[in-house]
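Visitor: Encoded as structure tokens, here's the structure I'll be asking about.
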Amino acid sequence: MTIEIDRWSYSQPTSTVSGLRDWQTLNTDIETFGVSQFSAFLPDVGAPVGQPYTLIASNLNIFTTTLSSNRYFPPRASGKEIIIHKLLHMFHPRPFVHSRFAPQGSSAVIRAENEHYVSIVFRIHAEFQLNQPPLHPFWFTPGQFTGELVIKRDASHIKSFHLFVPTNKTLNVDMEWLNGPLEAENMEVDIGFLPQMEIKSTSPSIPVTMTMESGDTVNILESDEPIDLPPVPMDTTPIKWNSEISFQEASDSLEKYMYPFKKVPYLSYLEACKVAEVEKKLVHLILLWGVLDDQSC
């Protein structure tokens with residue numbers, strides 16, 4: 001944080017920023033998921049490599065351009081929101097899968113594909129409410145969550161999953177809190193850097209029902225007794241894709257999908273000067289504290 005924390009009585013139990021101060025550990029450090037839950041990341045209809053599609057649509061419109069900051073508890077998740085909520089719930093017990101500001105929601109793009117597998121790159125705009133009553137709300141909004149899922153087309157097996165907050169920019173998390181009851185008058189804002197926030201699968205998925213050496217079939221999730229599982233063969237052969245683009249190309253396509261203004265190329269100052277000299281054009285310089293292409297600004 002850039003604001004002097006002593007100003008907010010950081011060490012006091014009733015401090016407005018106590019939700020941030022007390023968030024020292026994960027809500028859940030390891031979780032078991034059913035493979036079929038990740039079918040939510042697959043497109044509803046066929047999508048070619050490189051063509052973005054919506055996972056969770058925005059619920060903002062021309063009449064409702066933002067959601068209230070004076071809230072504590074997320075609404076009930078439904079449909080494709082459920083798996084996103086469960087994943088983010090591992091970080092903190094109060095994730096909001098719909099951020100207060102546009103662009104809301106989540107999108108994805110197929111990065112690579114073959115007859116059996118697809119590699120999906122996704123982008124999620126979500127945030128967390130760190131405080132509870134009687135404290136005023138404190139919003140923690142990472143710039144974005146991105147990552148990659150390698151899953152069978154029929155959602156019967158997952159090779160790998162990785163979700164993370166990018167750290168390639170100097171600022172990647174926005175923090176906003178109320179120090180009074182009125183949003184317009186009592187809102188405080190700061191921005192900072194989050195060095196690590198990620199979820200990784202520990203191994204490829206394994207069958208729920210397994211045949212033991214005795215010949216008995218056991219459901220490993222329903223058994224009340226410890227089970228000495230037989231070794232599960234792991235296929236370490238790299239997947240050979242029929243069609244693919246790079247992770248960066250997939251990320252760029254999602255960026256343009258969620259931020260239409262990014263369809264116009266934006267260059268750094270030095271790069272812009274070089275291009276302007278070649279094309280004999282003037283330079284329009286925009287200086288920002290943060291960046292416009294994620295939620296941390």
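Visitor: Looking only at segment 148-169, decide whether some residue is assigned to a strand (DSSP E or B), under 17 Å from SER18 (Cα atoms), touching a strand residue (DSSP E or B) at 6+ places or on another chain (Cβ under 7 Å) and open to solvent by 10 Å² or more (accessible area, probe 1.4 Å).
Guide: Checked segment 148-169: no residue is assigned to a strand (DSSP E or B), under 17 Å from SER18 (Cα atoms), touching a strand residue (DSSP E or B) at 6+ places or on another chain (Cβ under 7 Å) and open to solvent by 10 Å² or more (accessible area, probe 1.4 Å).
Visitor: For segment 237-285: of the residues being part of a loop (DSSP other than H, G, I, E, B) and β-branched (Val, Ile, Thr), which is surrounded by the most Cβ atoms within 10 Å (Cβ to Cβ)?
Guide: Once the filter is applied, the top-ranked residue is ILE245.
Visitor: Taking segment 170-202 as the search range and keeping residues that are more than 20 Å from GLY19 (Cβ to Cβ) and either among the polar types (S, T, N, Q) or open to solvent by less than 10 Å² (accessible area, probe 1.4 Å) (or both), which one is nearest to the chain's Cα centre (by Cα)?
Guide: The residue in question is SER201.
Visitor: Residues of segment 44-66 being part of a loop (DSSP other than H, G, I, E, B) and either closer than 15 Å to PHE122 by Cβ or aliphatic (A, V, I, L, M) (or both), which ones?
Guide: ASP44, VAL45, ALA47, VAL49, GLY50, GLN51, PRO52, ALA57, LEU60, ILE62
Visitor: Kindly indicate whether VAL121 is touching a helix residue (DSSP H, G or I) at 6+ places or on another chain (Cβ under 6 Å) and open to solvent by less than 40 Å² (accessible area, probe 1.4 Å).
Guide: For VAL121, the condition - touching a helix residue (DSSP H, G or I) at 6+ places or on another chain (Cβ under 6 Å) and open to solvent by less than 40 Å² (accessible area, probe 1.4 Å) - is met.
Visitor: Can you tell me which residue within segment 31-44, out of those that are open to solvent by 80 Å² or more (accessible area, probe 1.4 Å) and without any contact (Cβ under 8 Å) to a residue 60 or more places away in the chain, is nearest to HIS92 (Cα to Cα)?
Guide: GLU31
Visitor: If I ask for residues that are in contact (Cβ under 8 Å) with a residue 60 or more places away in the chain, of a type in the set (A, V, I, L, M) and not in a strand (DSSP E or B), which ones from segment 75-124 would you list?
Guide: The answer is LEU87, MET90.
Visitor: Using beta carbons and a limit of 7 Å, which pairs, at least six apart or on different chains, have the first residue in segment 256-272 and in contact (Cβ under 8 Å) with a residue 24 or more places away in the chain and the second one surrounded by 12 or more Cβ atoms within 10 Å (Cβ to Cβ) and outside any helix (DSSP H, G or I)?
Guide: Here the result reads TYR257/PRO52; TYR257/SER107; MET258/PRO103; MET258/SER107; MET258/ARG123; TYR259/PRO103; TYR259/ASP293; LYS262/ASP293, each pair linking segment 256-272 to a residue that is surrounded by 12 or more Cβ atoms within 10 Å (Cβ to Cβ) and outside any helix (DSSP H, G or I).
Visitor: I need every pair where a residue in segment 45-67 that is closer than 20 Å to ILE82 by Cα has its Cβ under 8 Å from the Cβ of a residue that is part of a loop (DSSP other than H, G, I, E, B) and acidic (Asp, Glu), sequence separation at least 6 or different chains.
Guide: Partner pairs satisfying both residue conditions: TYR53/ASP44.
Visitor: Within segment 176-208, count every residue that is out of contact with any Phe, Trp or Tyr (no Cβ under 6 Å at 6 or more places or on another chain), in a strand (DSSP E or B) and closer than 30 Å to LEU67 by Cβ.
Guide: Within segment 176-208, residues that are out of contact with any Phe, Trp or Tyr (no Cβ under 6 Å at 6 or more places or on another chain), in a strand (DSSP E or B) and closer than 30 Å to LEU67 by Cβ number 7.
Visitor: Let me ask you something else. Report, by residue number, each residue of segment 61-94 that is crowded, with 18+ Cβ neighbours inside 10 Å and of a type in the set (Lys, Arg).
Guide: LYS80, ARG94
The values are calculated or read from the model by the stated rules, or taken from the named source; none is laboratory data. What you see is a predicted model; the values in this text were computed from it and never measured. Note that we place each Cβ from the backbone using ideal geometry, even for glycine, and neighbour counts take in every protein chain shown. Ligands, DNA and RNA are stripped out before the accessible areas are found, and what is left, the full protein with its side chains, is counted by its heavy atoms. Shrake-Rupley method; radii C 1.70, N 1.55, O 1.52, S 1.80 Å.
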